[in-house]
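The values are calculated or read from the model by the stated rules, or taken from the named source; none is laboratory data. Keep in mind that what you see is a predicted model, and the values were worked out from it rather than measured. FYI the Cβ positions are ideal-geometry reconstructions off the backbone, even for glycines, and counts take in every protein chain you see. We work out accessible area using only protein heavy atoms, side chains counted, and drop any ligands, DNA or RNA first. Shrake-Rupley method; radii C 1.70, N 1.55, O 1.52, S 1.80 Å.
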Amino acid sequence: MDIVELKKKLEASTKDEEKIQLQSQITELRDIADRAIRKANRDIHYSIREWSIEIILAKYQDGIQTDDNELFIPDYQRDYKWDLKVASRFIESILLDFPIPYLYIADVDAPDNPELDGRVEIIDGSQRIRALHFFCNDEFQLEQLKELKELEGFTFRDFSAARRRRFLRETLRMVELKGEVDESSRRDLFERINSGVKRLEAMEVRHGSEEANSEFYKKVVVPCSEDALFSSLAPLSDKKKSNADHRELVLRFFAYLHNIDNYKGYVKPFLDDYLLEASKIEDQDTIESFKKEFNDTMNFIDEHFGGMGFKKTINSKTTPRARYEAIAIGVAQALKEEPNLIKPAVDVSSWLTSDEFQTIVGADSANNVSQLLKRISYVKGKMLEG
């Protein structure tokens with residue numbers, strides 16, 4: 001019986017003896033909860049630091065080319081993606097002395113790795129630090145400012161020497177984590193800070209999660225998403241690339257291929273649950289079989305789909321997700337059912353650009369279970385039917 005039920009019973013009870021028993025049970029649950037919190041607590045301490053922009057840039061820039069800069073961005077962080085308006089407004093906020101949210105950093109305690117030990121990992125704030133780096137190195141001009149219209153078009157070099165000195169003396173506040181802050185803890189904090197926040201796409205959050213440390217993610221999802229053939233078959237805009245959409249497409253491939261029976265019409269929790277389960281796989285033969293499955297599917301599509309891949313037209317620069325799911329999973333299912341399949345049973349040119357197929361992959365409610373199964377089944381049928 002949980003605490004909610006106990007409190008309801010206590011409220012409804014009219015007998016003193018029963019009330020005492022219920023209150024005792026509630027106290028026991030509180031003690032259990034308190035012990036669980038103490039057990040889960042990590043030995044993490046923190047301090048508040050305030051570094052000048054000049055110091056931040058020195059720690060970030062010195063050694064950046066050789067990847068031994070003191071203040072560094074870990075591999076699980078997203079690429080730089082602020083547009084000029086956002087970056088310019090950030091610089092404007094500093095000039096106006098507006099409060100800037102805390103950055104989160106961690107003292108890396110890695111005595112067995114001298115090249116990493118004592119460096120400082122940026123957990124949250126990489127976009128701000130990179131914007132400062134680009135601006136102070138004259139790599140962009142200020143634009144679309146809200147208050148300081150007089151600075152439109154300015155680079156850092158265009159400021160007076162006195163203004164540049166004052167800007168570099170401005171400080172940013174940081175929460176520095178210390179103690180038992182291993183990589184798992186840092187990834188966990190990154191995920192907690194960014195989960196549910198619009199500034200990160202779902203796959204970017206997954207890339208910073210604990211599951212991203214798994215064999216499945218590091219040896220299957222990442223290399224498959226970076227494969228040159230896959231990139232050519234599934235072109236994406238620069239924005240979608242920066243949102244880690246290729247990794248999401250790969251994750252969708254394996255999730256739908258191996259776990260489609262558990263799909264309930266909601267993509268994000270379905271992918272999250274599948275990644276959690278797949279992250280438990282450590283057997284290297286299974287890992288290799290996943291990669292082979294993906295590569296065999298991509299090679300088959302490359303050979304038989306006339307250079308179209310997952311594109312709607314031969315010159316398209318984007319990959320519609322519903323179309324990708326239909327072709328990728330449909331072909332993969334056919335190859336699983338008939339491993340010796342040499343070519344599609346029905347000539348691809350007869351249906352790939354047909355109105356029928358366009359209607360199936362362009363239907364409303366694309367994430368609906370029946371719609372997903374329908375488009376996958378359609379392609380599978382064209383692969384196997386005589």
(message) Being surrounded by 20 or more Cβ atoms within 10 Å (Cβ to Cβ), assigned to a helix (DSSP H, G or I), under 25 Å from the mean Cα position of the chain (by Cα) and among the small types (Gly, Ala, Ser): is that true of residue 326 here?
(response) yes
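Considering the range 340-361 alone, what residues qualify as being open to solvent by less than 80 Å² (accessible area, probe 1.4 Å), in a loop (DSSP other than H, G, I, E, B) and in contact with a helix residue (DSSP H, G or I) (Cβ under 7 Å, 6 or more places away or on another chain)? Spell out the reasoning first.
From the range 340-361, those open to solvent by less than 80 Å² (accessible area, probe 1.4 Å) are 341, 344-346, 348, 350-352, 354, 357-358, 360-361; that's our starting set.
Next, only the ones that are in a loop (DSSP other than H, G, I, E, B) stay: 341, 344-346, 351-352, 354.
Of everything in the range 340-361, those that are open to solvent by less than 80 Å² (accessible area, probe 1.4 Å), in a loop (DSSP other than H, G, I, E, B) and in contact with a helix residue (DSSP H, G or I) (Cβ under 7 Å, 6 or more places away or on another chain) turn out to be 341, 344, 345, 346, 351.
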(request) Tell me which residues, restricted to the range 237-285, are at pLDDT 90 or above, open to solvent by less than 70 Å² (accessible area, probe 1.4 Å), over 15 Å from residue 369 (Cβ atoms) and not in a helix (DSSP H, G or I). (result) 279, 281
(message) Need the failing condition index for residue 259 against (1) free of Cβ contacts under 8 Å to residues at least 24 places away in the same chain; (2) more than 24 Å from residue 365 (Cα to Cα); (3) of a type outside the set (A, V, I, L, M, F, W, C), just the number.
(response) (2)
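Would you mention how many residues in the range 364-386 are assigned to a loop (DSSP other than H, G, I, E, B) and in contact (Cβ under 8 Å) with a residue 40 or more places away in the chain?
Here is the first cut: in the range 364-386, the ones assigned to a loop (DSSP other than H, G, I, E, B) are 364-368, 385-386.
Narrowing further to those that are in contact (Cβ under 8 Å) with a residue 40 or more places away in the chain: 366-368, 385-386.
Qualifying residue count for the region: 5.
Which members of the range 329-339 meet the condition of being small (Gly, Ala, Ser) and either in contact with a Leu (Cβ under 6 Å, 6 or more places away or on another chain) or open to solvent by 10 Å² or more (accessible area, probe 1.4 Å) (or both)?
Residues of the range 329-339 that are small (Gly, Ala, Ser), as a first pass: 330, 332, 334.
Of everything in the range 329-339, those that are small (Gly, Ala, Ser) and either in contact with a Leu (Cβ under 6 Å, 6 or more places away or on another chain) or open to solvent by 10 Å² or more (accessible area, probe 1.4 Å) (or both) turn out to be 332, 334.
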(request) Count, please, the residues in the range 88-139 that happen to be buried (at least 17 other Cβ atoms within 10 Å of the Cβ) and either part of a loop (DSSP other than H, G, I, E, B) or free of Cβ contacts under 8 Å to residues at least 24 places away in the same chain (or both). (result) 3
(message) Can you list residue pairs whose Cβ atoms sit under 7 Å apart, with the first residue in the range 200-212 being closer than 12 Å to residue 222 by Cβ and touching a residue at least 60 places away in the same chain (Cβ under 8 Å) and the second being aromatic (Phe, Trp, Tyr) and open to solvent by 20 Å² or more (accessible area, probe 1.4 Å)? Count only pairs 6 or more apart in sequence or on different chains.
(response) none
